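The values are calculated or read from the model by the stated rules, or taken from the named source; none is laboratory data. From a predicted model like this one, the values you see are computed outputs, not experimental measurements. Every residue, glycine among them, receives a Cβ derived from its backbone with ideal geometry; neighbour counts consider all protein chains shown. Accessible surface areas use protein heavy atoms only, side chains included; no ligands, DNA or RNA. Shrake-Rupley method; radii C 1.70, N 1.55, O 1.52, S 1.80 Å.
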Amino acid sequence: TQDCATEEDLPPPNDEQEPPETGKITNFPSNLLYQQSKDSGWGTGAQFNAILKNQGQTTLSNLRIKFQVPPSTIQIWNVAVLESDSSSVTVGLPSWKGSLTPGETFSLGFVIQPEVEPSVTFISVTAQ
């Protein structure tokens, strides 16, 4: 037989912890545009598409952005996952991409379960 956890075995929920606000896009510098849109939703999950655009005059590298969601499952593609836990994923450009030249656009996508729009926070970038 396999051992299975029952509700009695699980720790009580932490009711004091506030869930992160959803749908906010914060801290992005004026030379880096981030836009996301929901492509489809099915009640228990949703697929989003997003773009990053270098609107400045210099090449951008070492990009880091963080997706924050209430405890959920997130599957993300076309980026490198740098850190993750049950409520956030920090990503950067994949090694094959490396940087964004002036005027260049880069696309990524993700699926989130349950259906909720993530908050996205700019962390850092290097201008060359």
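Condition first: exposed (fewer than 15 other Cβ atoms within 10 Å of the Cβ) and among the hydrophobic types (A, V, I, L, M, F, W, C). Now tell me which residues in segment 49-70 satisfy that. Within segment 49-70, just I51 meets the criteria. Applying the selection to segment 86-128, what residues are open to solvent by 30 Å² or more (accessible area, probe 1.4 Å), among the small types (G, A, S) and either assigned to a loop (DSSP other than H, G, I, E, B) or under 18 Å from K24 (Cα atoms) (or both)? Those that are open to solvent by 30 Å² or more (accessible area, probe 1.4 Å), among the small types (G, A, S) and either assigned to a loop (DSSP other than H, G, I, E, B) or under 18 Å from K24 (Cα atoms) (or both): S86, S87, S95, G98, G103, S124.
Among the residues of segment 21-48, those that are in a strand (DSSP E or B) and open to solvent by less than 60 Å² (accessible area, probe 1.4 Å) comprise T26, L32, L33, Y34, Q36, S40, G41, A46, Q47, F48.
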